[in-house]
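Just so it is clear, none of the values below were taken in a lab; they were calculated from the coordinates. Please read these numbers as outputs of a predicted model, since none were measured by experiment. Cβ coordinates were reconstructed from backbone atoms using ideal geometry, including for glycine residues, and neighbour counts include every protein chain displayed.
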Amino acid sequence: MEGVKVKMTEIKKIINDERGATLLEYAGLAVLILVGIWVAATQLAGGVNERFEDIQDRIEP
């Protein structure tokens, strides 16, 4: 029974520990920021590509 008590107290410590939740919150926030950057970069790349193609069409006869 002593081993079961030790395991239960360890499980309670893990459940009450908020460091893991904070880590998950920061990881989720980082993912959202990275997705936002990726979407913005993709949109910007399309606009820049169109601009260069327009310049190329004006330069080439």
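Numbers at a glance
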item	result
Mean ellipticity per residue at 222 nm, deg cm²/dmol - from DSSP H runs of n ≥ 4 across the chain, formula -39500 (n - 2.57)	-33000 deg cm²/dmol
Modelled FRET efficiency - R0 35 Å, V35 with K7, Cβ distances, 0.05 increments	0.35
Between helix 2-16 and the chain: long-axis angle, C-alpha atoms, 0 to 90°, nearest 10	30
Folded to 0 to 90 degrees: helix 19-59 orientation relative to the chain principal axis, Cα	10
Dipole in debye (nearest 20) - the chain, about Cα centre, beta carbon charges: Lys, Arg +1; Asp, Glu -1	620
